[in-house]
């Protein structure tokens, strides 16, 4: 009997997505430009038992805000499900909420409800966000010849602690969507190499990137997860003014492959269920 | 240092709700009549390791549908967060989704996305639902003199397995909202006694109920959780036609207390963090 580990996280998502129309973007796109997304944050996976609760809260909310950013959306309302051990201090829960509210408040997003239940072992936080975008930017719109950009430095987010303190790129995404024609966008949560694979699959194109243009030390900048920068493509003629603010890492090509300095890149991002 | 157990589930929710405007209903009510709700379902708490995955999926979705029903709303879209052990069979996950889709599909609700991550111990399912109601029914509208009704039999839901197979009262709630003026409504998830306390707190009234009118064996019908019937109040003059379909269990009174056959009722519903 095949297990989740046997097919890996992306295999599992592909299986589940078969029954989900329009799956595959950072948020589900609903009528009237509504965006809906949820993301679990689990003790021992996304944070450690000793991680300060405020940072856990920040991360749990910011990850979801990053999914709204990836669609060039505006977050509106959040609900929160908590799995808590009975021995957890009330103060810990208050700090968790303070962290969630701190980052949500930066972007005009409000926590409107939620529910709690008890666990024996790993605590978890699931934030669900409702947002809105007049014209949501999908992963599937990259065109041959596009310039490929990332919004910031990549790699080492776990070591540096950036995964707990990052600012989701809501404002950058809204600025980009307002002033340029974004062809495709997603956030880099599983590592650049892995998320480039998601981009080329969704857009049915390829990408060629160059190691000397990647903002970060290799191989970590390619394979470490949890950067939460944005990966986007625009028409080559739009690239000029963007080079001052962001990092151009390569081009969209016809051949459906990811090339690094001309060589096919192995997909080696973060997988929740790595195959043995 | 006070723990979650020290203050209990409802103490914790009261603490968290301080910072949540308009908290306290089964769903958050957003502009344009949008409803948002989420509910975790956790192994060892809401289901057992041997519970068939299809039933777990049904329950995880149906609980949330019940929250939409409690507002007399129409469910629209669901997102799903899963915490899975790597050794879980893919087939189990497919069955889980089949269960969720089966009950969502009965009410025109679609799963539009989600995310998965790994856990070592307890698996969990968090469904978040987006719905809509032109006039959401709140808990806070019960009026002195109202008749108090429940939509079905109470008690023993764990023993009978009803907690895994119940049909959320979406249609009943919509029929009630269309044909009567519902003053207050909520779903009975923590047991009638506990949910009556929620009703009187929110509406700043009291309730008197009569044991011989409660549809179910005492004390279970008062204290067992997970019935997922609806508890609602209407003006006394509307009670007549409703007695054919539902169970009238008592009256709304002025004094802020829950009386059973004239005696104050102890709140003894399900608490995730029971105080010692």
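Cα centroid distance between the range B:113-143 and the range A:186-249, in Å?
The range B:113-143 and the range A:186-249 have Cα centres spaced 34 Å from each other.
Determine, for A:137, B:41, the number of other Cβ atoms within 10 Å of each Cβ, and report the residues in order from fewest to most. Working shown, then result.
Details: A:137 26, B:41 22.
Ordered by Cβ neighbours within 10 Å, fewest first: B:41, A:137.
Can you compute the FRET efficiency between residue B:261 and residue B:121 using 1/(1 + (r/R0)^6), with r the Cβ-Cβ distance and R0 = 25 Å? Round to the nearest 0.05.
Details: r = 44 Å, r/R0 = 1.78.
For R0 = 25 Å, the calculated efficiency reads 0.05.
Can you tell me the length gained on complete extension of the stretch residue A:102 to residue A:15, counting 0.36 nm per residue apart and subtracting the Cα distance? Could you put the intermediate results ahead of the total?
On the way: separation 87, 0.36 × 87 = 31.32 nm, distance 3.62 nm.
Net length gain for the segment: 27.7 nm.
At q = 0.10, 0.14 Å⁻¹, what is the base-10 log of I(q)/I(0) for chain B according to the Debye formula with one equal point scatterer per Cα and no solvent? Please give it to two decimals.
-0.51, -1.01
Go ahead and run the numbers for FRET between residue A:244 and residue B:87, Cβ-Cβ distance against an R0 of 51 Å, rounding to 0.05.
Numbers: r = 50 Å, r/R0 = 0.97.
Using R0 = 51 Å, I get an efficiency of 0.55.
Quick one, what does Rg over Rh come out to for the range A:39-78 if you take C-alpha atoms and the Kirkwood Rh? Display every interim value, and only then the final one.
Values: Rg = 11.5 Å, Rh = 11.0 Å.
Taking Rg over the Kirkwood Rh, I get 1.04.
Please give the helix A:90-105 orientation as an angle from the longest Cα principal axis of chain A, in degrees from 0 to 90, rounded to the nearest 10.
Roughly 30 degrees between the two axes.
Using only the alpha-carbon atoms, how far is helix B:170-179 inclined from the longest principal axis of chain B? Give it as 0 to 90 degrees, nearest 10.
Taking the Cα atoms of chain B, the angle to B:170-179 is about 30 degrees.
What distance in nm separates the two pseudo spin-label positions at residue A:135 and residue B:51, each 7 Å out from Cα along the beta-carbon direction?
Output for this residue pair reads 4.6 nm.
Arranged by the count of other C-beta atoms within 10 angstrom, fewest first, what order do B:227, B:187 take? Write out the running numbers ahead of the final one.
Numbers: B:227 29, B:187 25.
So the ranking, lowest neighbour count to highest, is B:187, B:227.
Using 0.36 nm per residue, how much length does the chain from residue A:2 to residue A:210 gain when fully extended, once their Cα-Cα distance is taken away? Walk me through the numbers before you get to the answer.
Numbers: separation 208, 0.36 × 208 = 74.88 nm, distance 3.78 nm.
Value of the extension gain: 71.1 nm.
Where the label is 7 Å out from Cα toward Cβ, how close does residue A:219 come to the same position in every other copy, in nm, shortest first?
6.2
Using only the Cα atoms of the range A:26-132, what do you get for the radius of gyration and for Dmax, in Å?
In Å, with Rg to one decimal and Dmax whole: 13.5, 43.
Given a Förster distance of 51 angstrom, what is the FRET efficiency for residue B:143 paired with residue A:235, based on the Cβ-Cβ distance and rounded to 0.05?
Working: r = 62 Å, r/R0 = 1.22.
With a Förster radius of 51 Å, E is 0.25.
All of the numbers you see were taken from the coordinates with simple rules; none came from a lab. Note that this is a predicted model, so its numbers are computed, not measured. No Cβ is skipped: glycine too gets one built from the backbone with ideal geometry, and neighbour counts run over all protein chains shown.
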